[in-house]
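Input: a single structure, listed below in structure tokens.
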């Protein structure tokens, strides 16, 4: 699945190498040369993942990672540090700053893409093409297909994204604001009640196989999907 990657790297040759290979893999790439530029990009819209060089001019990549983790709006962005530092203590420092992974220079484009995929599986499974199964409900991101007990179901694009997010975060309760940020994007300004409308549409689409019962309203909190509806 294509994602938006913010590459924070001040060395033009490395930035270009990373950007070209990410674009070739189908991803959308945004570039920044330093921490201040990266923060301006993030302020406008959250990327799906950030690749941050350790040795940035001014504020270091480790400090930037720590700053992102301390902000409620950016704390969940997957982060991979790029660095020439190979000592164990340096790796520990990077991970303790909040990085999800650590790629040592020089690295191959194939290794970097594999690391990105692995981090997304852990931190943002809704950004991968991995099929998801829950209580007889199956969603296939690559083919945009949903089925219940083997029977095809028809969902609109927003309902599909909503279901994908809920299924990859099963049993967790999400507020309307959280769903708006994760499914619509935090740069899209729509009313919270928009979520209720699409939840109703989602349940209607799942009714033919009885899987609408998996989508639960948690009074006073939000919504969740559960294979053990209460």
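Where both bridge residues fall in the chain, DSSP classifies roughly 45% of the beta bridges as antiparallel. Sorting 81, 202 by the number of Cβ atoms found within 10 Å of their own Cβ, with the fewest placed first, yields 202, 81.
Under the √(5λ) rule applied to the eigenvalues of the Cα gyration tensor, what semi-axes describe the equivalent ellipsoid of the range 1-63? Give them in Å, descending.
On the way: eigenvalues 70, 40, 13 Å².
Computed over the range 1-63, the values are 19, 14, 8 Å.
Assuming a ≥ b ≥ c are the square roots of the Cα gyration tensor eigenvalues, decide whether the range 4-127 counts as rounded (a/c under 1.5), prolate (otherwise, with a/b larger than b/c) or oblate. The shape class here is rounded. Going from the residue with the fewest nearby Cβ atoms within 10 Å to the one with the most, 50, 167, 55 rank 55, 167, 50. With all projection directions averaged, the alpha carbon convex hull of the range 132-225 covers 5.6 nm². For the range 132-225, the relative contact order works out to 29 percent when only alpha carbon pairs closer than 8 Å and six or more residues apart are counted. If both residues of a DSSP beta bridge must be in the range 31-104, then about 0% of such bridges are antiparallel.
Between residue 207 and residue 194, the distance separating the two model label sites (each 7 Å from Cα on the Cα→Cβ line) works out to 2.5 nm. Relative contact order for the range 4-127: 21 percent, from Cα pairs under 8 Å spaced at least 6 residues apart, divided by residue count.
Only the coordinates and a few stated rules stand behind these numbers; no lab work does. This one's a predicted model, so the numbers in the text were calculated from it and none came from an experiment. Please note: Cβ atoms are built from the backbone with ideal geometry, for glycine as well, and neighbour counts cover all protein chains shown.
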